[in-house]
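I have placed the structure first, in the form of structure tokens, so that the comments after it can refer back to it.
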Amino acid sequence: MSAAGGSSSHFAWVLRLADTNLVLAQRLGELIGHAPALEEDLGLANTALDLLGQARLLLTHAGQLEGKGRDEDALAFLREESEFLNATLVEQPNGDFGDTIVRQLLFDAWQVPLYERLTLSRDPGLAAIAAKGVKEARYHLRYSAGWVVRLGDGTAESRERVQGSLERLWPFTAELLQADDIDREMHAAGIGADLAAVRGDWERQVAATLAEATLERPRDRPWRWYGKRGEHGEHLGRLLAQMQVLQRTHPGASW
Amino acid sequence: MDTAALEARFAARIDADERIEPKDWMPDAYRRALIRQMSQHAHSEIVGMLPEGNWITRAPTLKRKAILMAKVQDEGGHGAYLYGATETLGVTRAALIDELLAGSAKYSSIFNYPTPTWADVGAIGWLVDGAAIMNQIPLCRCSYGPYARAMVRICKEESFHQRQGYDIMLSLARGTLAQRRMAQGALDRWWWPALMMFGPPDAESKHSAQSMRWKVKRFTNDELRERFIEFTVPQAEFLGLEIPRGTIDWSEFHEVLNGNGPCNRERLTARRHAHEQGRWVREAALAYAEKQRSRQREAV
């Protein structure tokens with residue numbers, strides 16, 4: 001499995017990670033300048049920049065695996081909605097600060113244990129990106145978990161709001177934690193991670209944060225979202241229309 | 001020591017180019033003038049996040065997106081240290097922000113202009129940050145220590161911002177016909193407002209003479225404006241863009257300053273909206289901190 005000419009599963013699996021980072025960075029980018037306090041403008045921008053940096057490395061790596069000459073921008077700006085393989089969680093709108101920070105906690109608590117395992121990936125490019133990314137992800141998790149605790153154990157209003165955010169966003173976590181065929185194939189090949197093990201770490205982290213925040217764990221719901229297979233809700237199309245507008249309006253221009 | 005003696009010693013220190021520090025005695029008028037100038041500067045950084053922030057989600061490449069996010073984040077950081085430096089004069093950031101939101105504090109008029117195209121992001125970096133650097137480099141030697149030190153750090157980042165703006169303009173100027181038109185349109189929009197950033201002509205500037213005596217300000221508005229023009233005209237020629245002809249319309253300057261510019265309302269509304277929407281979050285953080293303190297007291 002050389003760098004140019006990875007399997008299509010390998011390409012798709014790296015794209016899942018890349019797109020999940022990119023779409024979340026795009027969402028956080030909408031907020032810069034509009035956060036509840038100046039420190040949060042800086043903190044959210046910091047997370048957005050790290051995620052975008054990781055997304056660029058992952059997209060470049062995916063393009064090399066595909067071997068068709070697509071670079072990070074071709075993959076980001078010239079694919080359609082159904083070709084985006086991001087988790088459905090990250091395309092959810094920013095909502096209020098509670099929604100933003102709960103989405104971030106549920107994501108960060110997944111990314112940290114995932115990256116920890118990917119540092120041992122048989123794909124050396126992916127292992128290097130994960131080794132750099134895991135330090136950033138741990139920092140993001142401290143930030144998001146710290147805020148969930150303050151909002152949960154803050155005022156009656158903040159507790160009610162953030163519990164509502166948790167209920168709304170919880171259904172989107174299932175696909176992050178349950179392996180499908182591509183996840184299993186990549187784990188078996190030593191490229192991906194064992195999502196059952198990631199799930200164990202995620203459950204412990206989220207349970208600890210919710211306990212400290214005096215929040216209740218929502219019930220799991222039967223419906224499954226599969227953004228990672230290109231099956232999205234209603235929000236991604238608009239996000240991409242905005243993100244891709246200049247590249248689509250001026251085909252072939254350089255910027 | 002009586003006031004006359006304190007004032008004489010203060011004036012002597014200014015004449016000797018000594019730095020004034022927060023705990024030093026200073027005339028009330030000097031303190032008030034610094035609070036006014038520094039808080040306006042801090043507000044300008046915060047409001048200045050909005051026109052460029054308008055393009056973060058639509059930046060045309062991922063590299064440009066990352067650079068723009070970092071730039072807007074830098075501006076927030078500049079606002080944070082300028083508020084911090086202003087607090088050394090005995091005011092609070094919360095009170096200053098309340099004045100901004102109430103519409104009673106000023107910020108740089110330039111941020112009341114819209115950014116309808118991607119080229120406006122380039123023009124802001126090239127012209128607006130370029131003009132800001134001209135204004136701000138002398139402030140690194142300003143007589144008030146905390147302001148001077150904040151400006152050293154800020155100027156380093158601003159020069160990076162200016163270069164990235166020019167780099168955007170260069171890509172557009174070497175691009176397609178539509179891109180070149182976009183670049184020229186942005187230069188046409190930003191040229192006059194950028195020249196107005198240096199403030200009214202020397203003859204009409206009400207704060208200049210006193211600020212020069214206090215060595216808060218080192219060059220006059222017109223001197224800095226001329227220097228900026230000399231610096232920028234050859235850069236426009238290199239891009240193959242035309243500098244607009246004509247003269248500055250000072251009535252426009254006064255209108256924008258008085259709240260009647262194209263985006264004054266949008267900018268303040270955006271700041272107020274963020275502040276209002278964030279109220280419950282700030283209240284929760286305070287309530288949590290208070291609970292933590294009482295838990296610690298109980299534990300002792």
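Structural remarks
- The one condition from (1) assigned to a helix (DSSP H, G or I); (2) touching a helix residue (DSSP H, G or I) at 6+ places or on another chain (Cβ under 9 Å) that residue A:167 does not meet is (2).
- Residues of region B:185-203 satisfying the condition of being in contact (Cβ under 8 Å) with a residue 12 or more places away in the chain, over 19 Å from the mean Cα position of the chain (by Cα), surrounded by fewer than 20 Cβ atoms within 10 Å (Cβ to Cβ) and in a helix (DSSP H, G or I): B:185, B:188, B:202
- Residues satisfying the stated conditions in region B:204-229, i.e. basic (Lys, Arg), in a helix (DSSP H, G or I) and under 18 Å from the mean Cα position of the chain (by Cα): B:225
- Matching helices (runs of 4 or more DSSP H) fully within region B:1-116 where at least 1 residues are polar (S, T, N, Q): B:3-15, B:28-47, B:62-87
- Residue in region A:30-44 that is under 24 Å from residue A:244 (Cβ atoms), buried (at least 24 other Cβ atoms within 10 Å of the Cβ) and within 12 Å of the chain's Cα centre (by Cα) present: no
- Selected residue (only one of B:205, B:211 is among the hydroxyl-bearing types (Ser, Thr, Tyr), farther than 30 Å from residue A:40 by Cβ and in contact with a Lys or Arg (Cβ under 6 Å, 6 or more places away or on another chain)): B:211
- Residue count, region A:129-181 (criterion: β-branched (Val, Ile, Thr), more than 19 Å from residue A:205 (Cα to Cα) and surrounded by fewer than 20 Cβ atoms within 10 Å (Cβ to Cβ)): 1
- Scope region B:59-76; condition surrounded by 19 or more Cβ atoms within 10 Å (Cβ to Cβ), within 9 Å of chain A (Cβ to nearest Cβ) and not hydrophobic (A, V, I, L, M, F, W, C); matching residues: B:60, B:61, B:64, B:65, B:73, B:75, B:76
- Long-range neighbours under 9 Å by Cβ, at least six apart or interchain, first residue outside any helix (DSSP H, G or I) within region B:243-257, second of a type in the set (Val, Ile, Thr): B:243/B:229; B:243/B:232; B:243/B:233
- Failed criterion for residue A:97 (all others in (1) surrounded by 24 or more Cβ atoms within 10 Å (Cβ to Cβ); (2) within 27 Å of residue A:197 (Cβ to Cβ); (3) within 12 Å of chain B (Cβ to nearest Cβ) hold): (2)
- For residue A:194, the conditions (1) away from chain B (no Cβ under 14 Å); (2) more than 24 Å from residue A:6 (Cβ to Cβ) are fulfilled apart from (2).
- Any hit, region B:245-266, residues being buried (at least 19 other Cβ atoms within 10 Å of the Cβ) and in contact with a Gly (Cβ under 7 Å, 6 or more places away or on another chain): no
Table: residues versus (1) surrounded by fewer than 19 Cβ atoms within 10 Å (Cβ to Cβ); (2) without any contact (Cβ under 8 Å) to a residue 40 or more places away in the chain.
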site: B:1; (1), (2): yes, yes
site: B:22; (1), (2): yes, no
site: B:28; (1), (2): yes, yes
site: B:35; (1), (2): yes, no
site: B:39; (1), (2): no, no
site: B:44; (1), (2): no, no
site: B:81; (1), (2): yes, no
site: B:95; (1), (2): yes, yes
site: B:98; (1), (2): yes, yes
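- Hits in region A:210-236 (condition: within 14 Å of another protein chain (Cβ to nearest Cβ) and part of a helix (DSSP H, G or I)): A:212, A:236
- Of all residues in region A:186-205, those that are in contact (Cβ under 8 Å) with a residue 12 or more places away in the chain have Cβ atoms under 6 Å from Cβ atoms of residues that are crowded, with 18+ Cβ neighbours inside 10 Å and among the hydroxyl-bearing types (Ser, Thr, Tyr), 6 or more apart or on another chain, in A:191/A:121.
- Failed item, numbered, when residue A:188 is tested on (1) surrounded by fewer than 13 Cβ atoms within 10 Å (Cβ to Cβ); (2) within 20 Å of the chain's Cα centre (by Cα): (2)
- Count of region A:117-170 residues, restricted to those that are touching a residue at least 60 places away in the same chain (Cβ under 8 Å) and over 30 Å from residue B:278 (Cα atoms), is 9.
- Restricting region B:271-300 to residues that are in contact (Cβ under 8 Å) with a residue 60 or more places away in the chain and surrounded by fewer than 18 Cβ atoms within 10 Å (Cβ to Cβ), the residue that is nearest to the other protein chains (Cβ to nearest Cβ) is B:275.
- For region A:83-98, the tally of residues that are part of a helix (DSSP H, G or I) and over 15 Å from the mean Cα position of the chain (by Cα) stands at 3.
- Within the span defined as region B:6-18, every residue fails to be farther than 30 Å from residue B:170 by Cα and under 22 Å from the mean Cα position of the chain (by Cα).
- Looking at A:130, A:207, just one residue is within 21 Å of residue A:14 (Cβ to Cβ), assigned to a helix (DSSP H, G or I) and of a type in the set (A, V, I, L, M), and that residue is A:130.
- From the options B:227, B:180, residue that is in contact (Cβ under 8 Å) with a residue 24 or more places away in the chain, surrounded by 16 or more Cβ atoms within 10 Å (Cβ to Cβ) and either over 22 Å from residue B:39 (Cα atoms) or of a type in the set (Val, Ile, Thr) (or both): B:180
- Selection status of residue A:64, within 11 Å of chain B (Cβ to nearest Cβ), closer than 27 Å to residue A:252 by Cα and either at pLDDT 95 or above or assigned to a loop (DSSP other than H, G, I, E, B) (or both): no
- Any hit, region B:285-297, residues being at pLDDT 95 or above, under 19 Å from the mean Cα position of the chain (by Cα) and not basic (Lys, Arg): no
The values are calculated or read from the model by the stated rules, or taken from the named source; none is laboratory data. Owing to the predicted nature of the structure, the values given are computational and were not obtained by experimental measurement. FYI the Cβ positions are ideal-geometry reconstructions off the backbone, even for glycines, and counts take in every protein chain you see.
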